[in-house]
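Working notes, structure below.
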Amino acid sequence: MDTFLANLTTFPVVVYTFLLIIVLLYWMMAFIGVVDIEMFDADIEIETDFETEVSINPDAEGLSGLAGFMLNWGLTGVPITVVLSLLIVTSWLICYLATSLILVHIPIDIVRYAIGVALILVCFAISIPITALTIRPFKGFFIAHTAVKKSTLIGQECEVTTGKVNEEFGQATLEDGEAGMILSIRAPVDKKIKKGDKVILIEYIEKDDCYNVAKL
């Protein structure tokens, strides 16, 4: 036990030990509901924006920085907090083993510290493909469902569900493959749109949260 504790506070393991403590504290807070496990995903938006861009254009210029790094190494599909936690845990384990088996037997301090600095980077590099393989079976459990923007429904076909439609009243159902969407619609009364008619959404009026429609 004394050897284990000594290695935990030995450079370079102590660097990852510090990060591991932060990870443990974070997951304790997530467990009791103080923080959300997807708290950083909204800012990075890798799963929705960048994977779509890659599928359209693999050489897209927008792939840079953290987003490009994670996509290139297959570190997407799960919350970034899970990815970072696994990277830190894996790096800590590799660094601890390397330190306890090799580094502690190097007698010259300056050489040991120089190797230790390099070991921090090497352990992180090794942990990347290991983490990518680890998260692969769990990607299906973290599918993000992006809310449909109402303005993107323009051009969709709906079925009128109210007895009449005029400039102030009307509703229609849009089949979306699930429970369906009930939309408020508007049209000039002289179009004589009635229940059961098929209409097409031609304009979204944001201030009234409704659509202008045309009869098919």
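Residue-wise HN-Hα couplings along region 77-92, as the Karplus relation 6.51 cos²θ - 1.76 cosθ + 1.60 with θ = phi - 60° gives them from phi, are x, 9, x, 4, 5, 5, 4, 5, 4, 5, 4, 5, 4, 5, 4, 4 Hz; Gly and Pro carry x. For residue 161, nonlocal amide neighbours, meaning residues 5 or more places apart or on other chains whose placed amide H falls under 5 Å from its own, are 171, 172, 173, 196. Here the Karplus curve 6.51 cos²θ - 1.76 cosθ + 1.60, taken at θ = phi - 60°, turns the phi angles of region 182-199 into couplings of 9, 10, 7, 10, 9, 6, x, 4, 6, 7, 6, 7, 9, 4, x, 6, 8, 10 Hz, with x standing for Gly and Pro. Ordering 95-108, 71-84 by mean Cβ neighbour count within 10 Å, with the highest value first, yields 71-84, 95-108. The 3J(HN,Hα) values that the Karplus relation (6.51, -1.76, 1.60; θ = phi - 60°) gives for region 122-139 are, in residue order, 5, 4, 5, 4, 5, 5, 4, x, 5, 5, 4, 5, 5, 7, 3, x, 9, 5 Hz. Gly and Pro appear as x. Remark: for residue pairs 149/191; 149/192; 164/215; 195/215; 149/194; 149/207, the C-alpha separation exceeds 20 Å in 149/191; 149/192; 149/194.
The GluC sites (Glu not before Pro) of region 83-182 meeting both criteria, a DSSP state outside H, G, I, E and B (loop) and at most 11 other C-beta atoms within 10 angstrom of the site's C-beta, are 167, 168, 178. Residues whose amide H lies under 5 Å from that of residue 106, counting only those 5 or more places away or on a different chain, are absent; hydrogens are built 1.01 Å from N in the peptide plane.
Only the coordinates and a few stated rules stand behind these numbers; no lab work does. Please read all numbers here as calculations on a predicted model, not as lab measurements. Ideal geometry is used to build each Cβ from the backbone, glycine not excepted, and the neighbour counts take in all protein chains shown.
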